[in-house]
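Colleague: Have a look at the structure that comes next, please.
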Amino acid sequence: MSGELSDLSSRLVALETALAHQDKTVAELNDVIASQWRRIDTLERQIARLREEFQMLGHRDAPERPPPHY
């Protein structure tokens, strides 16, 4: 009976250890994902700003078309 209890105890310790490692891994992955989402958000805002600037340049620097009678 004592051997079974010792075996169960060691199995419980192994499970708790594995769970602790998995919890740590999940927390680390969550941090990475949150960081990547912040970076993606920043890049999307930069792209939108650059797109607006590019469109403004295209309208401002476009040569005027000659009148139709030329």
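Colleague: On the given criteria, is Ala14 open to solvent by less than 100 Å² (accessible area, probe 1.4 Å), of a type in the set (A, V, I, L, M) and under 27 Å from the mean Cα position of the chain (by Cα)? It would help to see each step written out before you state the result.
Modeller: Working: open to solvent by less than 100 Å² (accessible area, probe 1.4 Å): yes; of a type in the set (A, V, I, L, M): yes; under 27 Å from the mean Cα position of the chain (by Cα): no.
The answer is no for Ala14.
Colleague: For the range 20-39, enumerate the residues that are of a type in the set (A, V, I, L, M) and open to solvent by 70 Å² or more (accessible area, probe 1.4 Å). Walk me through it before giving the result.
Modeller: So in the range 20-39, the residues of a type in the set (A, V, I, L, M) come out as 20, 26-27, 29, 32-34.
Result: Val26, Leu29, Val32, Ile33.
The values are calculated or read from the model by the stated rules, or taken from the named source; none is laboratory data. What you see is a predicted model; the values in this text were computed from it and never measured. We work out accessible area using only protein heavy atoms, side chains counted, and drop any ligands, DNA or RNA first. Shrake-Rupley method; radii C 1.70, N 1.55, O 1.52, S 1.80 Å.
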